[in-house]
1. Only one of (1) in contact with a helix residue (DSSP H, G or I) (Cβ under 6 Å, 6 or more places away or on another chain); (2) farther than 17 Å from Arg109 by Cβ; (3) aromatic (Phe, Trp, Tyr) is not met by Phe154, so which one is it?
2. Residue under question is Asn130, and the condition is that it be free of Cβ contacts under 8 Å to residues at least 40 places away in the same chain and among the polar types (S, T, N, Q); does it hold?
3. Here is a check on your reading of the model: is Ile112 in a helix (DSSP H, G or I), within 14 Å of Lys5 (Cα to Cα) and of a type in the set (A, V, I, L, M)?
4. Yes or no: the range 150-158 includes at least one residue that is at negative phi, surrounded by fewer than 19 Cβ atoms within 10 Å (Cβ to Cβ) and assigned to a helix (DSSP H, G or I).
5. Only one of (1) of a type in the set (Ser, Thr, Tyr); (2) without any contact (Cβ under 8 Å) to a residue 40 or more places away in the chain; (3) buried (at least 18 other Cβ atoms within 10 Å of the Cβ) fails for Thr8. Which number is that?
6. Looking at the range 28-44, is at least one residue in contact (Cβ under 8 Å) with a residue 60 or more places away in the chain and touching a His at 6+ places or on another chain (Cβ under 8 Å)?
7. What is the residue count in the range 7-61 for residues that are closer than 22 Å to Phe139 by Cβ and aliphatic (A, V, I, L, M)?
Amino acid sequence: MLGLKLQTDPRWVNIVEDNIEEILTDHAWCEQKAATNAITIISLNSDKEDLVTDLLALAQEELSHFKMVHEIIKERGLKLGRERKDSYVNELFKFKMKGGNRQQSLIDRLLISAMIEARSCERFKTLSENIKDEKLAKFYHDLMVCEAGHYTLFLGFARKYGEGIDVDKQWKSLIEFEGEIIKKYGKQETIHG
């Protein structure tokens, strides 16, 4: 369904299990950044009522996920560490079309957002199927389902507002681009690392 070029090696979960506090902190901040991203898209495209409505709901859901991860951190007697830089996401943003207009910028951001959600969904699936902690396995399975919905939401809006742009061609190019980027990752206890 996701069409990603490279799946996460299940051995990545062994790295995660060696430092649960780090993965949970990184995950919490990923959820916060996802909410902020949705708000940013809204602020730049407030004339698109359906997009505003759906991304407001998405931002609220992402913040609720942030809260859920924070609760797990507290339950385990761990601490929410400081926000981390997400090199994977920063590299994805290099895909943006240069010199594009406002519409192209929106499509770029929507497609990149869809890709981040797709990769997060894939990582959550890998965690849910391989982590020994049963509570975390269920938690990541439930989040995997949400992320798949977010992925399709962003992709759907890109197609809707991409009139005159070959959105599917751009999406396929982004899949190829991400397939090269992700080869460098999967070696750290972070969601995209």
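The numbers here are math on the coordinates, done by the rules we state, and not lab data. The structure displayed is predicted, hence computed values, not measured ones. Positions of Cβ are generated from backbone atoms using ideal geometry, with glycine treated the same way; all protein chains shown enter the neighbour counts.
1. Result: Phe154 fails condition (2) only.
2. In short, no.
3. Answer is no for this residue.
4. Yes, the range 150-158 contains at least one residue that is at negative phi, surrounded by fewer than 19 Cβ atoms within 10 Å (Cβ to Cβ) and assigned to a helix (DSSP H, G or I).
5. Just one mismatch for Thr8, condition (2).
6. yes
7. The qualifying residues number 13.
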